[in-house]
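S.K.: I'd like to ask you about the structure that follows.
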Amino acid sequence: VQLVESGGGSVHVGGSLRLSCAASGRTFSTYTMAWFRQATGKEREFVAAISCFGGDIFYDGSVEGRFTISRDNAENTLYLQMNNLKPEDTADYFCAGRHYGAVSYISGDYNNWGQGTQVTVSS
């Protein structure tokens, strides 16, 4: 599956953004999907993950309660609604897919990646 992220941008503290990840190729609903992010000079880190049909959802503690991951299998699209954004949320955000795999917070478990979309939160 090929993945293309969109929706990044620059916002002030407390603002919101909605990221999208459009998938093409193999059947989207057979992929566990996740969002990761990487700030400049830091390791890539897990943000959220969702199982093939949305039954299992996990968040990193730093975003739980502020971010919402969702998917629309009919539209082959993954979403990340980000509210109450903080400067520490500034990073490049990547969507990732894992074919028929369980939900995981480990980046190495995902073998399909998008190019990323940049999110900047300023105070």
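S.K.: Mind checking the stretch 36-82 for GluC sites (Glu not before Pro) that DSSP puts in a loop (not H, G, I, E or B) and that have at most 13 other Cβ atoms within 10 Å?
M.R.: E43, E75
S.K.: Assign unit charges at the C-beta atoms only (+1 for Lys and Arg, -1 for Asp and Glu), then state the dipole size of the chain relative to its Cα centre in Debye, rounded to the nearest 20.
M.R.: Dipole of the chain, to the nearest 20 debye: 120 debye.
S.K.: By the 4.7 Å beta carbon criterion, which cysteine residues of the chain come out unpaired?
M.R.: C52
S.K.: Could you tell me the calculated FRET efficiency between V13 and I106, based on Cβ-Cβ distance and R0 = 25 angstrom, to the nearest 0.05?
M.R.: On the way: r = 30 Å, r/R0 = 1.21.
With R0 = 25 Å, the Cβ-Cβ based efficiency is 0.25.
S.K.: Still on this structure, I have one more. Using a 1.4 Å probe on the protein chains only, how many percent of the accessible area of the chain belongs to carbon and sulfur?
M.R.: 45 percent
S.K.: Can you give the accessible area of T120 in Å² (nearest 10), computed on protein heavy atoms with a 1.4 Å probe?
M.R.: Ignoring ligands and nucleic acids, T120 comes out at about 50 Å².
S.K.: What distance in nm separates the two pseudo spin-label positions at Q118 and Q38, each 7 Å out from Cα along the beta-carbon direction?
M.R.: Once both label points are built, they end up 1.5 nm from each other.
S.K.: What is the spin-label model distance, in nm, from A22 to S6 if the labels are put 7 Å beyond Cα along the C-beta direction?
M.R.: The modelled label-to-label distance comes out at 0.4 nm.
S.K.: If ligands, DNA and RNA are left out, what is the accessible area of F46 with a 1.4 Å probe, given in Å² to the nearest 10?
M.R.: 30 Å²
S.K.: Loop-only check: which trypsin sites (Lys or Arg not before Pro) in the stretch 34-112 are DSSP coil with at most 12 other Cβ within 10 angstrom?
M.R.: Values: sites: R37, K42, R44, R66, R71, R98; in loops: K42, R44, R66.
Answer by residue number: K42.
The values are calculated or read from the model by the stated rules, or taken from the named source; none is laboratory data. All values derive from a computational prediction rather than experimental measurement. Cβ atoms come from the backbone with ideal geometry, glycine included; neighbour counts cover every protein chain shown. To get the accessible areas, we keep the full protein, side chains included, count just its heavy atoms, and leave off ligands, DNA and RNA. Shrake-Rupley method; radii C 1.70, N 1.55, O 1.52, S 1.80 Å.
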